[in-house]
Amino acid sequence: APWSGAQRLLRVSLSDPDDVSTVEPFAIAGGGVIAPPVHIPELDMAVAWDSINGGLAGIDTSGRDLRTVWHLDIRPSMQPVVFPESGELAINDFTDAGTDDIVVVDLATGSVLDRVDTGSRIGNGMFLSPDDRSGLFYCTTLTVAHITWA
């Protein structure tokens, strides 16, 4: 990455443009992301990730100040799928072993509930798509997969 600062998540008030909150969920310089963070208003939570350095973070958005409440050592490159009814998030993790897994995360705690090896050796930035149950479709340059869980 060409920049030296740490990645930041900003919140700007729609009614007062001078009301800006910011948090650095990853204290590592030069981070970057392919897709924007996701906000889950039902849970007063935002989720940000660093695709360059690695990391996934849950950020409490309920108060005036943004606050990182959990952090996972994974390396996402795709926009996640959020299931607000169950409080789960599914996102990819391009591992040090060279696999692109799907992880299912409990949004309240940041716990990894499940991990699935997709069979892909490329972690690129395509979008995950939910199916009509509790699962999703995964597509990269080399792999298409349908992943379900209960």
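The values are calculated or read from the model by the stated rules, or taken from the named source; none is laboratory data. This one's a predicted model, so the numbers in the text were calculated from it and none came from an experiment. For neighbour counting, all protein chains shown are included, and Cβ atoms are generated from backbone atoms with ideal geometry for every residue, glycine included. These accessible areas exclude ligands, DNA and RNA; they are computed on the full protein's heavy atoms, side chains included. Shrake-Rupley method; radii C 1.70, N 1.55, O 1.52, S 1.80 Å.
Brief remarks on what is shown
- Dipole magnitude of the chain about its Cα centre (Cβ charges: Lys, Arg +1; Asp, Glu -1), debye to nearest 20: 340
- Length-normalised contact order of the stretch 18-108 in % [C-alpha pairs under 8 Å, at least 6 apart]: 21
- Principal axis dimensions, largest first and in whole angstrom, of the stretch 29-74 by Cα: 28, 17, 17
- Solvent-accessible surface of the stretch 15-150, taken per residue with a 1.4 Å probe and all protein chains present: 49 Å².
- Carbon + sulfur, % of accessible area of the stretch 1-79 - ligands and nucleic acids excluded, 1.4 Å: 52
- Using every pair of separate Cα atoms, the Kirkwood estimate puts the hydrodynamic radius of the chain at 15.9 angstrom.
- Alpha-carbon Rg with Dmax, taken over the stretch 1-67, Å: 12.3, 36
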